Structure formats: C-alpha cells, structure tokens
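Here's the structure, in structure tokens; my notes come after.
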Amino acid sequence: MKWADSREIAIALYDKFPDQDPAKVNFVDLRNWVLALDGFDDDPKRSGEKILEAIQMAWLEEAE
C-alpha cells in the first residue's frame, strides 16, 4: 500500500481498529498507525495533512 491508496488503508484500519472512532483520531496517531500496517510500503515523508484527511474520510465511510 502507498499513501495514495486511501480506501485500501481505510479498510485495513477499520479491520485493525474496529472499535475506534475515526473522527476522534488525531493525525499523529493516524500517521503512525498507517506506517505500522502490514503491507504498507511508502516513504513516511510523503504523508501530509491532505493525505491523512483523505484516509480519515475513507475510514469514516467504511465505519458507517
């Protein structure tokens, strides 16, 4: 997975943290959790607020 794979990342986060409310996750934690996902293989420096926001929004949709 790469940073651009927001939907795939969101599904992985939903599976790993099913009881977590994505709306209450701060971007520091979100970034760290993404970096720790199995199969994630991208440069940590490429993450930014826009990317993290897209992942968070996709995770919110997945949680609904």
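The values are calculated or read from the model by the stated rules, or taken from the named source; none is laboratory data. Quantities reported herein were computed from a predicted structural model and do not represent experimental measurements. Glycine also receives a Cβ, built like all others from the backbone with ideal geometry; neighbour counts cover every protein chain displayed. Side chains are part of the model used for accessible areas, which takes the heavy atoms of the whole protein and leaves out ligands, DNA and RNA. Shrake-Rupley method; radii C 1.70, N 1.55, O 1.52, S 1.80 Å.
Side notes on the structure shown:
- With respect to the conditions (1) touching a helix residue (DSSP H, G or I) at 6+ places or on another chain (Cβ under 7 Å); (2) exposed (fewer than 11 other Cβ atoms within 10 Å of the Cβ); (3) among the charged types (D, E, K, R), ASP19 lacks only one, and its number is (1).
- Restricting attention to the range 40-59, the residues that are of a type in the set (A, V, I, L, M), more than 14 Å from LYS2 (Cα to Cα) and open to solvent by less than 80 Å² (accessible area, probe 1.4 Å) add up to 1.
- In summary, no helices (runs of 4 or more DSSP H) completely within the range 6-63 bear 2 or more residues that are over 9 Å from the mean Cα position of the chain (by Cα) and among the hydroxyl-bearing types (Ser, Thr, Tyr).
- Cross-chain or 6+ apart pairs with Cβ under 7 Å, the range 22-39 first and in contact (Cβ under 8 Å) with a residue 40 or more places away in the chain and open to solvent by less than 60 Å² (accessible area, probe 1.4 Å), then in a helix (DSSP H, G or I) and among the hydrophobic types (A, V, I, L, M, F, W, C): PRO22/TRP59; PRO22/LEU60; PRO22/ALA63
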